[in-house]
Structure formats: C-alpha cells, structure tokens
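Report on the following structure.
The values are calculated or read from the model by the stated rules, or taken from the named source; none is laboratory data. This one's a predicted model, so the numbers in the text were calculated from it and none came from an experiment. Quick reminder, even Gly has a Cβ in these numbers, built from the backbone with ideal geometry, and neighbours come from all protein chains shown.
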Amino acid sequence: MLAFMQAAADYLQRTSSAVQHLFAGIESYIAILRPTTNLTFVSGEPHASEREAQFQRWRDANAEALEHARKAQTQFVAESFALSTLCGAVLQVTEKALELYSTNTTIPSDLPTGISTELKPNRAKYCVGRRVRGIPLGLIVYAGRNQHAHHEELPREPSLSVFEHLAAYPYSPDASPLRDLAFNIRGGAHESYAGNLTSLIGWRSYEVYIEDMKSMLQLDPAPEPTPFTAGRP
C-alpha cells in the first residue's frame, strides 16, 4: 500500500509543472472578463416607465465601461474553446491519476437516482472526493473528461447520468423544470463542457486542484510542487 501511495505521489510530482502551466493559461483567459464583472443595473422602482428611465441614465453614465465589457465578452467567447481545451487537459491528468492510483472499491449507497443504477463496480475508483451537487468529485472528473474527449456525441453511462443530474439539480417533487444550461448536454451543442465543470468544482488554481488530488488519492501531506515560473518554456 505504501508503494502504491508513493507511485501516486510520484505521478502528481511528475505532472506538477505541466498542470501549473495549464492553470496559468486558464487564468489568462478568465482574466479577460474579470474587470467587467461588477457592471450590474439594480432598480427598486416599481413603475416600468421610471425604471426604463433609470436604466437609460445608468447606461449613459457607464457607456464606456459597457462597451469595454461587450468587447471583453466577445473576446472571451472567441477563446472559449481554447479555455475548455486547457480545462480538459487538467481533467485528463486527473482522470488518469484516479484510474491508476485510486484505491476506493466502494460505491456510495446514497448516489443520486440514475447514476447509481448505471455505475459498474469497476468505476468505484472514481467515487472519491468531496461532494459537488451530491456527486463525488472523482465521478464528476470522470464524466467531464469523457465528455470533453468525445464532445461531438452524447457520452455513455454513467457520464450521461452525471450531466443529467448536474443540469437538473436540485431534484425535488416541486422543482422547476428549468435546467442549468452549463451542463445541459442534451441541448444539441456539440462542445466541450470542461470549462463549465472545472468552474463548478472550483478548479481555477493549482492550489485547490492539488488539495483535492491529495484527498482523492489519500495522500498526506500533499506532494511538493515542482518550482514553476509562468512563461518558462
């Protein structure tokens, strides 16, 4: 067991600099939108005509910032596939680590309906990590990696059921039929959802990633990262 854990630690060590490069690239794309995120119009005016007048005044006062935000959003959309490519690479590194080094053999009894019925015993290794919308982090990584790698088609089970749950969350008898479009892969768009998934699980820095990896692979303390400098070849 000790040798197995050492192999897992070695894997994280050997992929450390590459993953740090990936997160540096991810940050560079997200930074495009960051200066525009606080542009919000709020009104408590109950009358539509006055509310519209307030909006016009707000829009005129913020015309330059709104134009900058529009251009930033256009640039971000143009680079969204590049962002998903980097996020997909992070999911690939993670999924491979779980495939090779996860020691979990138990499928939780409280998995959401649909996922548990489609999950075969050999996928128990992915049922590790903190829960996100009721699903183990490792299983989300597994589904995200598969969808990214084959985004031209619907993923197979249990990945499809994972996305179905994420899109319809939370489940309840009185829940709204509205679906979270960030995970609605049945919507017809043949694109990678890796960027959406890594955002959901909070993977926007190497530090968060490595703590989750330590937890999923039962490593303590976390492996020391390889020294990294952004822009280093």
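Before moving on, here are some points about what is shown:
- When the residues of segment 114-142 are filtered to those that are part of a helix (DSSP H, G or I) and in contact with a strand residue (DSSP E or B) (Cβ under 8 Å, 6 or more places away or on another chain), the one that is modelled with the lowest pLDDT is Ile115.
- Scanning segment 143-197 for residues that are over 17 Å from the mean Cα position of the chain (by Cα), acidic (Asp, Glu) and at pLDDT below 90 yields a count of 3.
- Filter result (surrounded by fewer than 19 Cβ atoms within 10 Å (Cβ to Cβ) and touching a Phe, Trp or Tyr at 6+ places or on another chain (Cβ under 8 Å)) within segment 124-133: Arg133
- Close pairs (7 angstrom Cβ cut-off, 6 or more residues apart or separate chains): more than 12 Å from Glu27 (Cβ to Cβ) in segment 82-96, among the basic types (Lys, Arg) and crowded, with 21+ Cβ neighbours inside 10 Å anywhere: Leu91/Arg145; Gln92/Arg145; Glu95/Arg145
- Inter-residue pairs, beta-carbon under 6 Å, first among the charged types (D, E, K, R) and assigned to a helix (DSSP H, G or I) and in segment 145-166, second at pLDDT 95 or above and surrounded by fewer than 24 Cβ atoms within 10 Å (Cβ to Cβ), 6+ apart: Arg145/Gln92; Arg145/Glu95
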